[in-house]
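Visitor: Once you've had a glance at the structure underneath, I'll fire off some questions.
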Amino acid sequence: MSYQESTQKKKRNYIPLIIIISVVVNGLVIVLSGLPAYEGDIPFDVHILPMMNAIFNSFTFIFLVIALIAIMKKNVTLHRRFIYAAFTTTALFLVTYVTYHFLSASTSHGGSGFMAGLYYFILITHIVLAAVIVPLVLITVTRAWNMEYAKHRKIARWTMPLWLYVSLTGVLVYVLISPYY
């Protein structure tokens, strides 16, 4: 058996899983945006969760920058480790985001003028690209897992800057809305 045959046998079709995860994650966010706030007793101050979201997004951004630097220096092992770290902080963000939006009503931006316009521009681009980034990240990672490195690099050139933007704007959204919690 040749090397090419052995690597082809290891390839898996992750597309169904990527579709399921993308639909579930994005669907959950959409459903939560339309639900009323939870009415029961909550044993902690839920307003800590948006700050945790910003912290997790900050770590994601830092981990992605380190992963980018590592791959530019051809350090694949370090790159992979920091991509997994970014995955982890993104997953933790998702848990705290979903928890907050289940337990609390959405907070409105109370500002006006330029700051309100800036906030809504950042928020809207963040939301749209956050929905897009879910399948992009999953496709990018699974191409690396399948050792399809040319395809991985091709999509990573889009995924990395978009994921950086989404994580950075997640922090900015928090900073701009935090006075109104």
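The values are calculated or read from the model by the stated rules, or taken from the named source; none is laboratory data. Note that this is a predicted model, so its numbers are computed, not measured. Methodologically, a virtual Cβ is constructed for each residue, glycine included, from the backbone with ideal geometry; neighbour enumeration extends over all protein chains shown.
Visitor: Here is a check on your reading of the model: is TYR84 exposed (fewer than 15 other Cβ atoms within 10 Å of the Cβ), of a type in the set (Phe, Trp, Tyr) and either at pLDDT 95 or above or in contact with a strand residue (DSSP E or B) (Cβ under 7 Å, 6 or more places away or on another chain) (or both)? Break it down into steps so the answer makes sense when it comes.
Guide: Numbers: exposed (fewer than 15 other Cβ atoms within 10 Å of the Cβ): yes; of a type in the set (Phe, Trp, Tyr): yes; either at pLDDT 95 or above or in contact with a strand residue (DSSP E or B) (Cβ under 7 Å, 6 or more places away or on another chain) (or both): yes.
Here the answer is yes, as TYR84 does meet what is asked.
Residues are listed down the side, and each one gets a yes or a no for (1) of a type in the set (Gly, Ala, Ser); (2) touching a residue at least 12 places away in the same chain (Cβ under 8 Å):
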position	(1), (2)
VAL29	no, yes
TYR38	no, yes
ALA54	yes, yes
PHE61	no, yes
ILE66	no, yes
ILE69	no, no
PHE82	no, yes
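Visitor: So THR77 ticks every box in (1) without any contact (Cβ under 8 Å) to a residue 12 or more places away in the chain; (2) closer than 24 Å to SER33 by Cβ but one. Which box is left unticked?
Guide: (2)
Visitor: Can you tell me which residue is nearest to PRO16 (Cα to Cα) among those in the range 143-155 that are of a type in the set (A, V, I, L, M, F, W, C) and free of Cβ contacts under 8 Å to residues at least 24 places away in the same chain?
Guide: Of the range 143-155, the ones of a type in the set (A, V, I, L, M, F, W, C) are 144-145, 147, 150, 155.
Imposing the further condition that a residue be free of Cβ contacts under 8 Å to residues at least 24 places away in the same chain reduces the set to 150, 155.
Working: ALA150: 22, ILE155: 18 Å.
In this case the residue turns out to be ILE155.
Visitor: While we're on this one: For the range 127-138, give me the residue count where each residue is surrounded by fewer than 19 Cβ atoms within 10 Å (Cβ to Cβ) and in contact (Cβ under 8 Å) with a residue 24 or more places away in the chain. Steps first, answer last, please.
Guide: Within the range 127-138, the subset surrounded by fewer than 19 Cβ atoms within 10 Å (Cβ to Cβ) is 127-129, 131-132, 135.
Still in the list and also in contact (Cβ under 8 Å) with a residue 24 or more places away in the chain: 129, 131-132, 135.
So the count comes out to 4.
Visitor: Another question, if that's okay. Does the range 72-81 include one or more residues that are of a type outside the set (Gly, Ala, Ser), modelled with pLDDT under 95 and either in a helix (DSSP H, G or I) or out of contact with any Pro (no Cβ under 6 Å at 6 or more places or on another chain) (or both)?
Guide: Pass one, the range 72-81, residues of a type outside the set (Gly, Ala, Ser): 72-81.
So of that shortlist, the ones also modelled with pLDDT under 95 come out as none.
Within the range 72-81 (the criterion being of a type outside the set (Gly, Ala, Ser), modelled with pLDDT under 95 and either in a helix (DSSP H, G or I) or out of contact with any Pro (no Cβ under 6 Å at 6 or more places or on another chain) (or both)), the answer is no, since none of the residues qualifies.
Visitor: Looking at the range 100-126, which of the residues that are of a type outside the set (Phe, Trp, Tyr), within 18 Å of the chain's Cα centre (by Cα) and buried (at least 16 other Cβ atoms within 10 Å of the Cβ) is nearest to SER33 (Cα to Cα)?
Guide: Per the stated criteria, the residue is HIS101.
Visitor: Here is a follow-up. Consider the range 43-71. How many of its residues are surrounded by 12 or more Cβ atoms within 10 Å (Cβ to Cβ) and either of a type in the set (Asp, Glu) or not in a helix (DSSP H, G or I) (or both)?
Guide: So the count comes out to 2.
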